[in-house]
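A quick write-up on the structure given underneath.
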Amino acid sequence: MSARAVVATMTAYTLELREAAVKLNQNESPFDLPRELKERVLARLAARPWNVYPDFESTALREALAAAYGYTPQNILVGNGSNELLAAAIGTFVGPGTPVVFPRPTFTLYEKLVTIAGGVALPVDFDPDSGLLPLDALLAAAGPGVVVIVCSPNNPTGGVLPEGGVERLLATGATVLFDRAYGDFADDRLPPLHDRLVTFSTFSKAWGLAALRVGWLATTAATAREIRKVKLPYSLNVLSESIAAEALANRELRDRNVASILAERGRLAAALRPLATVFPSAANFLAFRPVRNSREVFEELHGRGVLVRDISAYPRMQNCLRVSVGTPAENDRFLAALAEALALETAP
């Protein structure tokens, strides 16, 4: 049996596997969960039978999220990263011929999921130089029967929706899938619940739990019930669920780490500007266009033990790289390696 034509013509979402002493290519937090918290959770789990399935409803984590963010558990679904929940929501709202609008450049997985579902992808190209997403163009393309997917702060550009953007998109009658994977670095307020709004969040970025793959969504109870019909059962294991709940109980750790990342983001951007064009960013990364060929710079950085992300294949991001904000020491090493790489390239 052959794959469906729409799948056969696609390329898989993938990432070039490389190792480096300083890894700044996947927008991860540079801060791990303290060891004592890990050991506390592992001790509890060691006493639990592992031959028994986890709670089907992930009740404990959903209750912890509801308490932390002012919802009820019925407003929340959790899953194996926010990607799983995005796929479930797209499967809920997008079918053959459904128009789906999204800014471009943005997270490439959106278009892949829409295409698999049979939707009609309608990208809205924009210039990332301003630091804002193209709200007016999105509004012009939105309307009843349309699904809008928007990531704010946006990956890979770092730009954001103008204030009130989500509410204005909803006013068109569109269904809005709002990905705030990087929202903790910009504005931690979540938009009010709405039947046509699904807000996606993750523990991978600000919370520093990327290895555990925990995401969650917030919406009205009625909409959550519909998405739950599409979401895979038992997709979150007991370890991931327990550690995410422990992290929520120690939110001051996240707040401290976010504050450190924001301070470093400003310092890193200022130091980077003499070496490259830096795009405005409200996330935990900076997209930049070095003064010389980006692929050569990428390889030079890797040769010096620093791994960043080559985003030059994205529309309007030609000759661009993206660097995650690391610790002060990691950022200093990146800046030194970049200065050396550029000096090497410009030498006679």
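The values are calculated or read from the model by the stated rules, or taken from the named source; none is laboratory data. Computed from a predicted model, the values in this text were never measured in an experiment. Methodologically, a virtual Cβ is constructed for each residue, glycine included, from the backbone with ideal geometry; neighbour enumeration extends over all protein chains shown. Areas reflect the complete protein model, heavy atoms only, side chains present, ligands, DNA and RNA absent. Shrake-Rupley method; radii C 1.70, N 1.55, O 1.52, S 1.80 Å.
Kindly provide the chymotrypsin sites (Phe, Trp or Tyr not before Pro) of the stretch 27-83 that DSSP labels as loop, not H, G, I, E or B, and whose Cβ sees at most 16 other Cβ atoms within 10 Å.
Answer by residue number: TRP50, PHE56.
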Loop by DSSP (not H, G, I, E, B), at most 15 other beta-carbon atoms within 10 Å: where is the longest site-free stretch of the chain for GluC sites (Glu not before Pro)? 164-348
When each of LYS112/LYS231; LYS205/LYS231; LYS23/LYS231; LYS112/LYS205 is checked by Cα-Cα distance, pairs over 29 Å: LYS23/LYS231
At a threshold of 8 angstrom on Cα-Cα distance, excluding pairs fewer than six apart, so keeping six or more, what relative contact order does the stretch 263-303 reach in percent? 29 percent
Local net charge near GLY173, Cβ-Cβ under 15 Å (Lys/Arg +1, Asp/Glu -1): 0
Near LYS38, which aspartates and glutamates are there with a Cα under 20 Å away, not counting those fewer than 8 places off in the same chain? GLU28, GLU241, GLU246, GLU252, ASP255
Step by step: find N for the stretch 1-138, compute 2.2 N^0.38 Å, then divide the Cα radius of gyration by it. What's the final number? 1.41
Extending each Cα 7 Å along its Cβ direction at ASP195 and TYR234, get the distance between those two points in nm, one decimal. 3.5 nm
Starting from the stretch 212-321, pick out the chymotrypsin sites (Phe, Trp or Tyr not before Pro) whose DSSP state is loop and whose Cβ has at most 14 other Cβ atoms within 10 Å. TYR234
Counting heavy atoms of the protein chains only and a 1.4 Å probe, report the per residue accessible area for the chain as a whole number of Å². 44 Å²
Along each of the three principal axes of the Cα atoms of the stretch 210-348, give the extent in whole Å, ordering the values from largest to smallest. 64, 34, 26
Between the alpha-carbon centers of the stretch 1-31 and the stretch 51-91, tell me the distance in whole angstrom. 25 Å
Using a 1.4 Å probe on heavy atoms of the protein chains only, the accessible area for ASP332 in Å², nearest 10, reads 80 Å²
What FRET efficiency would be calculated for the residue pair ALA329, ASP129, taking the C-beta separation as r and a Förster radius of 25 Å, to the nearest 0.05? 0.25
Just to confirm the filter: which trypsin sites (Lys or Arg not before Pro) across the stretch 9-87 are DSSP coil and have at most 15 other Cβ within 10 angstrom of their Cβ? ARG18
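First compute the accessible area of the chain with a 1.4 Å probe, then give the percent of it belonging to carbon and sulfur atoms.
Here carbon and sulfur together make up 56 percent of the probe-accessible area.
Using every Cα-Cα pair within the stretch 114-233, state what percent have a distance larger than 23 Å. Mind dumping the intermediate values first?
Working: 2336 of 7140 pairs.
Roughly 33 percent, once rounded to a whole number.
Please compute the net charge surrounding ALA222, taking Lys and Arg as +1 and Asp and Glu as -1 over other residues with Cβ under 13 Å from its Cβ.
Result for the local shell: +2.
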